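> This is the structure I want to talk about, given as structure tokens.
The values are calculated or read from the model by the stated rules, or taken from the named source; none is laboratory data. Keep in mind that this is a model prediction, so the values were computed, not measured. Here the Cβ positions follow ideal geometry from the backbone for every residue, glycine too, while neighbour counts run over all protein chains shown.
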Amino acid sequence: MTLATPMMPPAVASTTAQESPALLGEIVVDLLSDPGTLDPALTYAFDGWSIVHSLYDAPIQFGPNGEIQPLAAESFTQLDPTTFEIRLRQGLLFHDGKPVTSAAVTRAVRHLQASRPPVSDLFSVVSAVEEVDATTARLRCAEPCAWLPAQIAVWMLLLPKQFDAASLTESSVGSGPYKLDAYEPGNEVHLIRNEAYTWPSPKGLPLAERIRFRFVPEAATRLSDLLSGGASIIASMPFEQRRAIDDGGARSIDAPTVGAAWVRIATDTAPFDDARVRQALNHAVDVQAIIDGLLSGQGTRLASFYPDERALGFDPSRQPFSFDQERARQLLSDAGHGDGLSTVMDIATTERQDIAEAIAAMLGDVGITVELRPAEQATFNEQWSDPAAAPLRFATWRPLYDPHTLLSLVVSSSGFLSRYSNPRADELIQSAAAEPDRTGRNALYQQLGQTLMDEPAAIYLWNLSSLYGVAESVDGWSPRGDEYVIPTRGYGQA
Amino acid sequence: MPKVVAQRLSLILFTVLMASVAVFVLMRVSGDPLTGFLPPGSDPASTEALRRELGLDRPLPSQLLNHIGRTLSGDFGDSWRGRQPALDLVLARLPATLLLTATSLAAAIVVGGALGFAAARLERRWPATVLNAVSLTGQAIPAFWLGTLLIIVFAVQLRVLPASGGDGWRSIILPAAALAAYPTSLVARLLSAELVTVRRQPYAATAAAKGLPERTVWMRHLLPNAVLPALAYLGVQTGFLIGGAVVVEQVFAYPGIGRLALQAVADRDIPVVHAFIVVVAILVGVIGSMVDVIAVAIDPRLHDRSARASYGD
């Protein structure tokens with residue numbers, strides 16, 4: 001696998017930037033919550049990633065179509081199943097003016113490995129980083145890991161020569177489109193434009209001279225910020241607010257994110273060890289009715305975990321389970337549960353309870369009585385693999401450009417979050433993890449998609465979407481499938 | 001007097017220790033602390049290594065002793081999430097919350113006092129009924145709902161104040177108003193009811209019979225005697241105000257300790273929750289003591305009672 005982009009000398013790129021639409025003065029972006037740190041290895045949610053990916057560049061990123069694009073790398077090549085070569089672009093500079101060299105790759109890997117699980121677990125597969133020359137580094141892995149590039153795009157941000165835990169948050173120095181000006185914990189992060197970021201980055205070029213990321217947990221307050229002129233971009237809005245955004249003189253932008261919603265079914269407990277019962281659950285839920293009634297029409301019923309064309313394994317020709325109550329009753333009857341059954345479904349309190357109630361009511365219509373058990377997020381997370389926990393659990397997962405992490409954790413019989421066991425699925429997951437060819441991996445995951453319909457691991461629901469509000473003055477910003485709100489113009493257009 | 005001070009300090013210390021133990025118990029009974037802190041999917045071996053690093057593998061009594069030791073030393077350790085000293089994080093956010101709480105308290109005293117005074121002076125006339133109705137409404141409206149309403153009117157419609165954030169004095173007005181609504185109303189109602197009661201006392205009739213101007217009767221004889229219940233209430237209310245600030249800070253995205261605490265609880269960031277609870281417990285204890293001092297200044301008889309109690313009379 002080789003990914004490469006033609007390199008453009010900085011001088012030429014600079015001219016391009018000057019011809020681009022006018023740079024705005026200041027943009028205020030309302031995110032949800034303060035990440036509490038700007039350490040890339042300790043950032044786990046889109047709020048934090050929006051900021052750290054504005055400050056730092058990784059060697060590669062996900063493009064608008066889900067493809068892996070070279071970013072700080074001029075080329076990214078898988079030399080063999082266990083070796084990746086990163087050839088960095090010439091002339092890239094950190095915010096302190098020092099050059100970005102292959103040592104930055106070593107530092108990034110070392111920092112991730114010395115961090116905390118699960119990030120440190122992900123990068124423990126890298127057994128050595130070899131600095132071939134000033135801008136070329138090779139990652140040697142202990143085992144075949146075709147899934148690693150997807151993790152590199154998220155976590156492996158190029159780090160400067162000197163940093164420590166405090167400086168990563170208080171005086172971050174990256175090579176991304178913005179420099180850190182100030183971080184006021186709990187309140188705002190101030191960024192200023194990186195004047196040197198004029199090369200044709202597929203991340204896009206800075207949209208404004210100054211950025212203020214603010215943390216506003218309430219959606220109604222974010223909307224008020226936008227409508228009162230206090231914010232230019234607001235993230236993570238409920239779809240019911242779309243009209244309020246448009247009527248208030250701003251623009252609503254919706255975008256499918258590369259994520260999926262599903263109800264995990266534990267197959268280690270009766271009666272869910274019977275595939276017919278799990279198929280019955282899938283047939284019993286009118287997913288489209290929930291999409292239309294509760295999700296403002298956003299989403300498409302899924303045939304498995306893969307959300308859309310941007311995700312490896314997605315097969316547009318595969319038909320999802322049909323909503324067919326008769327079929328569901330028949331399957332239950334065939335499995336010896338014609339008189340119905342009772343079960344429990346866990347749901348984190350951060351998720352929408354009305355959706356879980358609708359699913360429970362639909363299952364009730366075919367004779368499956370479901371007791372809902374809302375749990376605080378931490379408690380919910382604690383019980384993923386607990387055999388005594390509820391057999392059903394409503395969950396969402398993002399990003400899913402590369403489904404390896406989800407599948408190896410939730411579907412693989414040895415996964416830390418798994419209550420599913422299927423030798424065929426295990427074999428396909430392992431083969432896909434080691435398969436260096438992207439087309440080959442895609443085919444393996446598509447085969448797994450069929451296995452996961454025959455032997456369902458979940459009630460497959462819908463792909464996720466995000467709604468943003470954008471002030472009329474902001475032109476050229478576009479949402480990303482990974483939900484990072486990076487204030488640039490021209491994402492994916494290098 | 002030194003004995004009274006010592007008693008007060010002991011009481012505050014006891015309260016702080018109890019609050020600290022409560023944090024320990026609640027954070028442990030709510031599940032494994034690491035599950036809130038680490039995202040799902042960690043290798044159990046790495047998780048165990050981290051558990052050892054954080055001392056969570058030790059027996060509970062040993063952890064509790066360590067926890068109490070941290071309370072007494074003021075060293076709560078580093079935030080598990082941000083890897084910065086937990087106390088520093090709390091203290092950095094404390095001034096914003098103190099400013100918000102103090103502004104709300106001041107509004108409650110001034111506005112609530114004026115409303116209560118006016119309602120008592122106008123007793124049995126229609127304006128008093130209106131004032132009482134306003135007070136009752138202020139008590140009935142939840143702070144988060146009032147906050148949203150204030151944002152819509154003053155930020156979105158009139159555009160005179162910011163909807164959220166902590167950017168200067170203008171950012172304090174709306175959250176302080178939302179936070180002050182309840183105590184303002186209660187102060188007004190307490191003061192009004194107490195004024196109406198003391199007005200019927202014989203000493204009030206005596207003062208009036210002596211020919212003192214009505215203003216003097218109200219300000220020098222009635223008000224000092226009527227203000228104590230409201231003052232005692234405000235002393236107790238300070239703790240609730242800091243607690244209420246959690247909700248209001250969330251609605252207005254105000255950068256105080258309330259939001260920090262909420263996030264820390266969700267993440268099970270125990271050092272930060274611990275530091276937050278201890279700091280708030282100290283604050284409530286100190287403010288409660290200050291209110292007692294003010295009460296004695298207003299009504300010296302309280303000092304005599306307190307002194308008698310202290311010396312066992």
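> Considering only residues that are small (G, A, S) and away from every other protein chain (no Cβ under 14 Å), look in the range B:223-252 and name the one that is farthest from the chain's Cα centre (by Cα).
B:A226
Each row is one residue, and each column tells you yes or no for (1) in the same structural domain as A:L223 (by TED's automatic domain parsing); (2) touching a residue at least 24 places away in the same chain (Cβ under 8 Å); (3) under 17 Å from A:P200 (Cβ atoms); (4) not charged (D, E, K, R).
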{"residue": "A:G36", "(1), (2), (3), (4)": "yes, yes, no, yes"}
{"residue": "A:D39", "(1), (2), (3), (4)": "yes, yes, no, no"}
{"residue": "A:T43", "(1), (2), (3), (4)": "yes, no, no, yes"}
{"residue": "A:I51", "(1), (2), (3), (4)": "yes, yes, no, yes"}
{"residue": "A:N65", "(1), (2), (3), (4)": "yes, yes, no, yes"}
{"residue": "A:P70", "(1), (2), (3), (4)": "yes, yes, yes, yes"}
{"residue": "A:S75", "(1), (2), (3), (4)": "yes, yes, yes, yes"}
{"residue": "A:P81", "(1), (2), (3), (4)": "yes, yes, no, yes"}
{"residue": "A:L93", "(1), (2), (3), (4)": "yes, yes, yes, yes"}
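> Which is closer than 20 Å to A:T451 by Cβ and among the aromatic types (F, W, Y), of A:W397, A:W384?
None of the other options fit; the residue is A:W397.
> Identify the residue in the range A:202-217 that is away from chain B (no Cβ under 14 Å) and in a loop (DSSP other than H, G, I, E, B) and, among all such residues, is farthest from B:V248 (Cα to Cα).
A:P202
> Still on this structure: Regarding A:Q298, is this residue in a helix (DSSP H, G or I) and surrounded by fewer than 24 Cβ atoms within 10 Å (Cβ to Cβ)?
It is false that A:Q298 is in a helix (DSSP H, G or I) and surrounded by fewer than 24 Cβ atoms within 10 Å (Cβ to Cβ).
> Can I ask one more? Got a sec? Which of A:L55, A:L23, A:L31, A:L38 is buried (at least 21 other Cβ atoms within 10 Å of the Cβ) and at pLDDT below 95?
Answer to the selection: A:L38.
> For B:L56, all conditions in the list (1) assigned to a loop (DSSP other than H, G, I, E, B); (2) facing another protein chain (nearest Cβ under 10 Å); (3) of a type outside the set (S, T, Y) hold save one; what is the number of the exception?
Only one criterion is unmet by B:L56, namely (2).
> Next question, about the same structure. Which condition number does A:D254 fail, the rest of (1) in a strand (DSSP E or B); (2) surrounded by 21 or more Cβ atoms within 10 Å (Cβ to Cβ) being met?
So A:D254 meets the others, but not (2).
> Examine the range B:125-142 for a residue that is within 23 Å of B:A226 (Cα to Cα) and part of a loop (DSSP other than H, G, I, E, B), and state whether such a residue exists.
Yes, the range B:125-142 contains a residue that is within 23 Å of B:A226 (Cα to Cα) and part of a loop (DSSP other than H, G, I, E, B).
> Sticking with this one: Within the group A:R251, A:R242, A:R222, which residue is under 25 Å from the mean Cα position of the chain (by Cα) and within 14 Å of another protein chain (Cβ to nearest Cβ)?
A:R222
> Moving on to the next point. Does B:P61 qualify as being within 14 Å of chain A (Cβ to nearest Cβ) and either within 25 Å of B:E249 (Cβ to Cβ) or not aromatic (F, W, Y) (or both)?
When the stated conditions are applied, B:P61 does not pass them.
> Let me ask something else about it. Take the range B:38-48 and flag every residue that is at the interface with another protein chain (Cβ under 8 Å from one of its Cβ atoms), surrounded by 15 or more Cβ atoms within 10 Å (Cβ to Cβ) and free of Cβ contacts under 8 Å to residues at least 12 places away in the same chain.
B:P40, B:G41, B:S42, B:D43, B:S46
> From the list B:A204, B:A177, B:A155, which residue is out of contact with any Asp or Glu (no Cβ under 6 Å at 6 or more places or on another chain), away from chain A (no Cβ under 14 Å), under 17 Å from A:S228 (Cβ atoms) and surrounded by 15 or more Cβ atoms within 10 Å (Cβ to Cβ)?
Values: B:A204 fails: under 17 Å from A:S228 (Cβ atoms); B:A155 fails: away from chain A (no Cβ under 14 Å).
None of the other options fit; the residue is B:A177.
> State the number of residues belonging to the range B:75-131 that are at pLDDT 90 or above, among the hydroxyl-bearing types (S, T, Y) and out of contact with any Leu (no Cβ under 7 Å at 6 or more places or on another chain).
Matching residues across the range B:75-131 total 2.
> Output the qualifying pairs, or none if there are none: Cβ atoms under 6 angstrom, residues six or more apart or on different chains, first residue in the range B:82-98 and within 7 Å of another protein chain (Cβ to nearest Cβ), second residue surrounded by fewer than 19 Cβ atoms within 10 Å (Cβ to Cβ) and in a helix (DSSP H, G or I).
B:R83/A:A165
> Do you know which of the residues in the range A:257-277 that are surrounded by fewer than 21 Cβ atoms within 10 Å (Cβ to Cβ) and part of a helix (DSSP H, G or I) is nearest to the other protein chains (Cβ to nearest Cβ)?
So, considering only residues that are surrounded by fewer than 21 Cβ atoms within 10 Å (Cβ to Cβ) and part of a helix (DSSP H, G or I), the one nearest to the other protein chains (Cβ to nearest Cβ) is A:A275.
> In this structure, is A:A250 outside the structural domain of A:R419 (by TED's automatic domain parsing), touching a strand residue (DSSP E or B) at 6+ places or on another chain (Cβ under 8 Å) and aliphatic (A, V, I, L, M)?
Here the answer is yes, as A:A250 does meet what is asked.
> Next question. Looking at the structure I just gave you, is B:L105 away from chain A (no Cβ under 13 Å), surrounded by fewer than 17 Cβ atoms within 10 Å (Cβ to Cβ) and assigned to a helix (DSSP H, G or I)?
Values: away from chain A (no Cβ under 13 Å): yes; surrounded by fewer than 17 Cβ atoms within 10 Å (Cβ to Cβ): no; assigned to a helix (DSSP H, G or I): yes.
So B:L105 does not fit the description; no.
> Could you please find all residues in the range B:132-149 being at the interface with chain A (Cβ under 10 Å from one of its Cβ atoms) and either of a type in the set (A, V, I, L, M, F, W, C) or loosely packed, with under 13 Cβ neighbours inside 10 Å (or both)?
Residues of the range B:132-149 at the interface with chain A (Cβ under 10 Å from one of its Cβ atoms): B:144, B:147-148.
Residue satisfying the conditions is B:F144 alone.
> What's the number of the only condition in (1) in contact with a strand residue (DSSP E or B) (Cβ under 6 Å, 6 or more places away or on another chain); (2) farther than 21 Å from A:A22 by Cβ; (3) of a type outside the set (D, E) that A:P217 fails to meet?
Condition not satisfied by A:P217: (1).
> Something else about it: Taking the range A:368-398, which residues are β-branched (V, I, T) and away from every other protein chain (no Cβ under 12 Å)?
Of everything in the range A:368-398, those that are β-branched (V, I, T) and away from every other protein chain (no Cβ under 12 Å) turn out to be A:I368, A:T369, A:V370, A:T396.
> Another question, then. Can A:S296 be described as at pLDDT below 95 and closer than 24 Å to A:T350 by Cα?
Values: at pLDDT below 95: yes; closer than 24 Å to A:T350 by Cα: yes.
Judged against the criteria, A:S296 is a match.
> As an exercise: evaluate A:A280 against (1) at pLDDT 95 or above; (2) in contact with a helix residue (DSSP H, G or I) (Cβ under 7 Å, 6 or more places away or on another chain); (3) within 14 Å of another protein chain (Cβ to nearest Cβ); (4) assigned to a helix (DSSP H, G or I) and give the number of the one condition it does not meet.
(3)
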